[in-house]
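A.B. asks: Quick one: this structure, given as structure tokens, is what I'll be asking you about.
The values are calculated or read from the model by the stated rules, or taken from the named source; none is laboratory data. Every value quoted in this text rests on a predicted model; they were computed, and no experiment measured them. Glycine gets a Cβ as well: all are built from the backbone with ideal geometry, and neighbour counts include every protein chain shown. Areas reflect the complete protein model, heavy atoms only, side chains present, ligands, DNA and RNA absent. Shrake-Rupley method; radii C 1.70, N 1.55, O 1.52, S 1.80 Å.
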Amino acid sequence: MEEENPEPELLPLCLGHVAAALGNDSDHQWVKDFAANNKSQAVYEFAQWLDSQGLRLQISSKSN
């Protein structure tokens, strides 16, 4: 998400891989809906805004 010229279609692709590895059918549908509504562009815009404020969003896995 810190790419200089991000490609919005890459985020749904990555999320699709995560859903395939960890999720179920409802997760796959969520990813399809996310991509279809062009919500990934909004995520990149949010990341750019955070960057302009000197902030960064970090996602990590839960420890078991």
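A.B. asks: Applying the selection to the stretch 37-64, what residues are part of a helix (DSSP H, G or I) and either surrounded by fewer than 11 Cβ atoms within 10 Å (Cβ to Cβ) or touching a Phe, Trp or Tyr at 6+ places or on another chain (Cβ under 7 Å) (or both)?
C.D. replies: Across the stretch 37-64, the qualifying residues are Ser40, Trp49, Ser52.
A.B. asks: How many residues, within the stretch 15-28, are surrounded by fewer than 13 Cβ atoms within 10 Å (Cβ to Cβ) and either modelled with pLDDT of 85 or more or not in a loop (DSSP other than H, G, I, E, B) (or both)?
C.D. replies: Going through the stretch 15-28 one residue at a time, the tally reaches 7.
A.B. asks: Then there is this: Is there a residue being closer than 15 Å to Leu11 by Cβ, open to solvent by less than 100 Å² (accessible area, probe 1.4 Å) and in contact (Cβ under 8 Å) with a residue 40 or more places away in the chain anywhere in the stretch 29-36?
C.D. replies: no
A.B. asks: Next question, about the same structure. Please go through the stretch 48-57 and pick out each residue that is modelled with pLDDT of 85 or more and either among the acidic types (Asp, Glu) or within 13 Å of the chain's Cα centre (by Cα) (or both).
C.D. replies: Let us first name the residues in the stretch 48-57 that are modelled with pLDDT of 85 or more, namely 48-56.
Once the filter is applied, which keeps residues that are modelled with pLDDT of 85 or more and either among the acidic types (Asp, Glu) or within 13 Å of the chain's Cα centre (by Cα) (or both), the stretch 48-57 yields only Asp51.
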